[in-house]
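Where a number appears in this text, it was derived from the coordinates with a stated rule and is not lab data. As the structure is a computational prediction, the values presented were derived from the model and not from experiment. Backbone-built Cβ (ideal geometry, glycine too); neighbour counts: all protein chains shown.
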Amino acid sequence: MRFVDEFRDAAKARALSAQISALCEPGRHYKFMEVCGGHTHTIYKHGLEDYLPETVTLVHGPGCPVCVIPMGRVDDAIAIAEQPDVIMTTFGDMMRVPGGNGSFLDANAAGADIRMVYSPLDSLKIARENPDKRVVFMAIGFETTAPSTAMTVLRAAAEGLENFSIFCNHVTIIPAIKAILDSPDLRLDGFIGPGHVSTVIGCRPYDFIARDHNKPLVCAGFEPLDILQSVYQLLIQLAEGRSEVENQYSRVVPWDGNPRALKAIGETMELRPYFEWRGLGFISHSALQVREAYAVHDAERVFDVPGVRVADPKACQCGEVLKGVLKPWECKVFGTACTPETPIGTCMVSSEGACAAYYNFGRFSRDRVRQATALPSPTVRVPSS
Amino acid sequence: MCLGIPGEVVEILVDRPDLAMVDVSGVKRAINIGLLDKGEVGPGDWVLIHVGFAMSKIDEEEAKAAMEFLEGIGQAYEEEMAALLESRIE
Amino acid sequence: MSARDLHENHVTDEAGQDEHVIGSEHRGREQQVLDRIDKARRRKAKIREERITMAHGAGGKATHTLIEAVFLDAFRNPMLEKMEDQAVFPVAEGRLAFTTDSYVVSPLFFPGGDIGELAVNGTVNDLAMSGARPLHLSAGFILEEGFAIADLQRIAASMAAAATAAGVTIVTGDTKVVQRGKADGCYINTAGVGVLEREVTLEAGRARPGDKVLVSGPIGDHGVTIMLARGELDISSDITSDTAPLAGLVDTLLSSVDGVRCLRDATRGGVATILNEVAVASDVAVVVDEASVPMRTEVRGASEILGIDPLYVACEGRMVIVVDGTQADAALAALRSHPLGAGAAIIGEVKADPPTLVLLRTEFGGTRIVDMLIGDPLPRIC
């Protein structure tokens, strides 16, 4: 597969790994946060940590849009789905997220009509084909996905499809990163920036991180070599005493983002004054809602939504995991009460959640795994002469 | 954070110019190219696909540059390793 | 000559003689009608309806017509034609293998096959995985009122063809009809009997460190075909289902190599599920080499678009083989010598540690765990 396979080349990975080791100052520990759930997934899926020295730690951030949805919003969505003549449509990831009273999957089994779609356009198609039903699209995601939802709303408006609406749970990345930077618990050396969000917002929004907080950020692609190269670039910056925003994913990310995408979002949506993020609490101007002009396509206006705030279960420590303060295995209920089969929190449900990634892919002692797979440690230390 | 996959544009649909048929490893799907500028992509171009939309045209020059950088690192590594081995022989 | 004449011609020489004359004409015509009915009843049953109705499930005339016209007509074999409540046949001395499976696939017809073909091959394969020679199948149908009989005939024809290809006969069956909305068109259950002529015991618990793991061909074809055939995803490709009867392939393998520990056909949950079952049953580690796992590029492409892991996607004509490590190459050669094993490959090995885990050496050179599937492979989107 072009533009994929060449960025998974093991030989190049070994070379990068050697350079990374060479760049590490003896005795110094490095902590880089990869903001994006997609990065978390790639790291575990390909066993990327085998290529990093012990002194480099990748911390998982809050960039998993499913993970940050509070339980109350899941309940709201289910309440909409349970109304007569409603077809609720959603991405696959949402199906097993537990609300206060069960998940979409449970609601579907109990008689609600909830269908999985790959694209919001598929949802629109269902609306076209079912004029007597009210079709709702569960819109989740960061700025990567918001333009697609926006374009779909614009299409719905153009076609006069009044039976189509969205339940908007789009969130924005910068406030989440700000919350991390303002958190006293974390001492990070740099950021691996969210590559696909950046195709929309570009790289400029991250300037404040380098300028005001003195931390380098490298906007990274999603193949294993992309992430390794980004770590390499971060280490070079640190070695040279720089803190800048760099674009490793330049084959896809334009520095100024995608103006048409931003225009579509701006036309159909506006920032909410505040929004609750699971684990991070209320953050102002961090989420999107549908504009008045498109009210007929706003599920929150069309339906009566309970809007009850549901507190996370006491045992759940998703918040700290999302902030990178706790590693998945440090959560008290990880692997015992909270497993992919019986998830308590969202980090364990979403395939991009740190806990799910760690549980499914990485949970065994790396040494024992390496022994069993008979792979020598690919991190070769090039000795200093 | 979101699943984006590269695909090759096969054709722009005649009756719906905001749609393109895209091929990902032999699997085809119609993708909305409304987020790209008019005429920005045509058959043979590659785009990044996310939930049924093309988000960006893949810049083949930049991809080539990225590969060259990685190859360069690989080269440096091999030279270093070769030097390492040589020095041991002495 | 009028009837009156007939009547008047009746000469009463002998009392009975008169009635006989009229009677035999009358009775002659009556007999003609009865003969006609008798002939009609003996004629081959023909279905006139287009759709299944509740009457077809009542066990009476309509049911019999359905069975004769659709199933008997397709399956054609002496045991079935007896139309007894059961099929009776002699068994060889030794061990029997017995299995059952139900088929609820949607859509019923898809590129590369249909529910009927799956129903035969799936059960044949379950028998074959023990090393048994599959003999006879039963076929139970649950039909939804309103189901098109033409579709049922298509399915029966597929089953007949699959049975012939697999060398088995469908010897007994059952048909039930449920009201509209209570079933999804057609559900099929097949049970199968086979005979173990070889002295083999193939079980998931017999793997031991040093064994090698093979797969008989490219993985994931069936599951991806079904997902795309559902039509909800608007994705088109050339992938077809890999449904196939594997008894011949198993026979070729077991004739060449005697160190096979276990055979499993990779259906729901894919190859990863089987490897986990073996790892747990044998208390060993299974280490897989991602680069060695055969997969069509389209299956890879579809999986990337949908965000699913091909290791968990169903196949319907592929098996996983665990064999004594020293015989792995011979096993591979045996598989590849058979048309259904042309794409076979050695994909991994069995180790002692860490027990019950399946590990993957990624193409990238890293390592990760391949766990048991939770829920359905949900497409990863965001």
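Rounded, prolate or oblate: which fits chain C, taking a ≥ b ≥ c as square roots of the Cα gyration tensor eigenvalues, rounded meaning a/c under 1.5, else prolate when a/b beats b/c?
Numbers: a/c = 3.93, a/b = 2.42, b/c = 1.63.
Cα axes put chain C in the prolate bin.
With each run of n ≥ 4 DSSP H residues scored as -39500 (n - 2.57), what mean residue ellipticity at 222 nm is computed for the protein assembly as shown after dividing by its residue count and rounding to the nearest 500 deg cm²/dmol?
On the way: 27 runs with 293 residues, N = 857.
Value at 222 nm, helices only, nearest 500: -10500 deg cm²/dmol.
Can you sort C:Met295, A:Met151, A:Met348 so the residue with the fewest Cβ neighbours within 10 Å comes first?
Values: C:Met295 20, A:Met151 25, A:Met348 33.
Arranged by neighbour count, lowest to highest, C:Met295, A:Met151, A:Met348 become C:Met295, A:Met151, A:Met348.
Taking the Cα centre as origin and putting +1 on Lys and Arg beta-carbons and -1 on Asp and Glu beta-carbons, what dipole magnitude results for chain B, to the nearest 20 debye?
On the way: 7 positive and 19 negative charges, 135 e Å.
Roughly 640 debye, rounded to the nearest 20.
Candidates B:Leu3, A:Asn360, A:Ala139 compared by Cα position along the dipole of the protein assembly as shown: farthest toward the positive end lies A:Asn360, with charges placed on Cβ. Using the Karplus relation 6.51 cos²θ - 1.76 cosθ + 1.60 with θ = phi - 60°, the per-residue 3J(HN,Hα) values for the range C:27-44 come to 5, x, 5, 4, 4, 4, 4, 5, 4, 4, 4, 4, 4, 4, 5, 7, 5, 4 Hz, with x marking Gly and Pro. Projected label points at A:Trp329 and C:Asp258, each 7 Å from Cα along the beta carbon direction, are separated by 4.5 nanometres. Over all Cα atoms in the range A:152-208, the spread is summed up by Rg and Dmax: 17.2, 51 Å.
Each residue of the range B:31-43 was assigned a 3J(HN,Hα) from its phi angle through the Karplus curve 6.51 cos²θ - 1.76 cosθ + 1.60 (θ = phi - 60°); the sequence is 10, 7, 9, x, 8, 9, 5, 4, x, 5, 10, x, x Hz, with glycine and proline shown as x. Loop-located GluC sites (Glu not before Pro) in the range A:10-90 (DSSP state not H, G, I, E or B) with no more than 16 neighbouring Cβ atoms inside 10 Å: A:Glu54, A:Glu82.
For A:Lys133, list the aspartates and glutamates whose Cα falls under 18 Å from its own Cα; do not include residues on the same chain fewer than 8 positions away. Cross-link targets: A:Glu82, A:Asp85, A:Asp113, A:Asp122, A:Glu159, A:Glu162, A:Asp298, A:Glu300, A:Asp304, C:Glu232. Please list, ordered by chain and number, the residues whose modelled amide H lies under 5 Å from the amide H of C:Gly173; skip anything fewer than 5 residues away on the same chain. Sorted by chain and number, the residues that satisfy this are C:Ala139.
Extension gain for A:Arg291-A:Arg28 works out to 89.7 nm (0.36 nm per residue, less the C-alpha to C-alpha distance).
Suppose we keep just the DSSP beta bridges with both residues in the protein assembly as shown; what percent of those would be antiparallel, to 5? Within the protein assembly as shown, antiparallel bridges account for around 60 percent of the total.
Using all pairs of distinct alpha-carbon atoms, the Kirkwood hydrodynamic radius of the range A:177-228 works out to 11.8 angstrom. With a/c under 1.5 counting as rounded, go ahead and sort the range C:288-382 into rounded, prolate or oblate using the C-alpha gyration tensor (a ≥ b ≥ c being the square roots of the eigenvalues; past the cut-off, prolate if a/b is larger than b/c, else oblate). Since a/c reaches 1.5 but b/c is at least a/b, the shape of the range C:288-382 is classed as oblate. A dipole drawn for the range C:232-382 from +1 and -1 charges on Cβ atoms has a positive end, and of C:Leu373, C:Val280, C:Met319 the residue lying farthest that way is C:Val280. Ranked by how many other Cβ atoms sit within 10 Å of their own Cβ, fewest first, the residues C:Lys39, A:Lys263 fall in the order C:Lys39, A:Lys263. Using the empirical formula 2.2 N^0.38 Å as the baseline, the Cα radius of gyration of the range A:1-151 reaches a ratio of 1.41.
Rg and Dmax of the protein assembly as shown, both derived from C-alpha coordinates alone, stand at 32.9, 142 Å. Taking every DSSP beta bridge that has both ends in chain C, the antiparallel portion is near 75%. Distance between the pseudo-spin-label points of C:Glu68 and C:Lys44 (7 Å out from Cα toward the beta carbon): 1.2 nm. Comparing mean-square fluctuations of A:Ile78, A:Ile180, A:Ile236 from a GNM of chain A with C-alpha springs under 10 Å, the top value falls on A:Ile236. Take the Cα of A:Arg204, step 7 Å toward its Cβ, do the same at C:Gln153, and the gap between the two points is 7.0 nm. Amide H contacts of A:Lys215: A:Ala210, each under 5 Å away and 5 or more positions distant or on a separate chain (H built 1.01 Å from N in the peptide plane; Pro and chain starts excluded).
What's the average, rounded to a whole number, of partner chain beta-carbon atoms within 10 Å of each residue's beta-carbon in C:295-305? Intermediate results must be reported in sequence, preceding the final value.
Values: counts 0, 2, 5, 6, 3, 7, 11, 5, 3, 10, 11.
Average per residue, whole number: 6.
A straight line joining the Cα centroids of the range C:276-312 and the range C:185-202 runs 26 Å. Short version: ³J(HN,Hα) in whole Hz for each residue of the range A:257-264, in order, from phi by Karplus 6.51 cos²θ - 1.76 cosθ + 1.60 (θ = phi - 60°), x for Gly and Pro, what are they? Listing the rounded values in order: x, 10, x, 5, 5, 5, 5, 4 Hz. Think of the protein assembly as shown as a dipole: +1 on every Lys or Arg Cβ, -1 on every Asp or Glu Cβ, centred on the Cα centre; then among A:Tyr232, A:Ser119, C:Gly307, A:Tyr232 lies furthest on the positive end.
The alpha carbons of the range A:182-272 stretch over 43, 32, 19 Å along the principal axes, in descending order.
Under a Gaussian network description of chain A, with springs only between Cα atoms under 10 Å, the residue in A:Tyr206, A:Tyr249, A:Tyr118 that fluctuates furthest is A:Tyr118. Charges were assigned to the Cβ only: +1 to each Lys and Arg, -1 to each Asp and Glu. The resulting dipole of the protein assembly as shown about its Cα centre is roughly 1020 debye. Amide H contacts for A:Cys331 (H built 1.01 Å from N in the peptide plane; partners 5 or more residues away or on another chain; cut-off under 5 Å): none found.
Using every pair of distinct Cα positions in the range A:271-346, the Kirkwood expression returns a hydrodynamic radius of 14.8 angstrom. Stretching the chain fully between C:Glu93 and C:Ala291 yields a gain of 66.8 nm (0.36 nm per residue, less the alpha carbon separation). Inter-chain neighbour count for A:151-163: the average number of beta-carbon atoms from partner chains within 10 Å of each residue's beta-carbon is 1. Reported to the nearest whole Å, the Cα centre-to-centre distance from the range A:306-326 to the range A:47-94 is 13.
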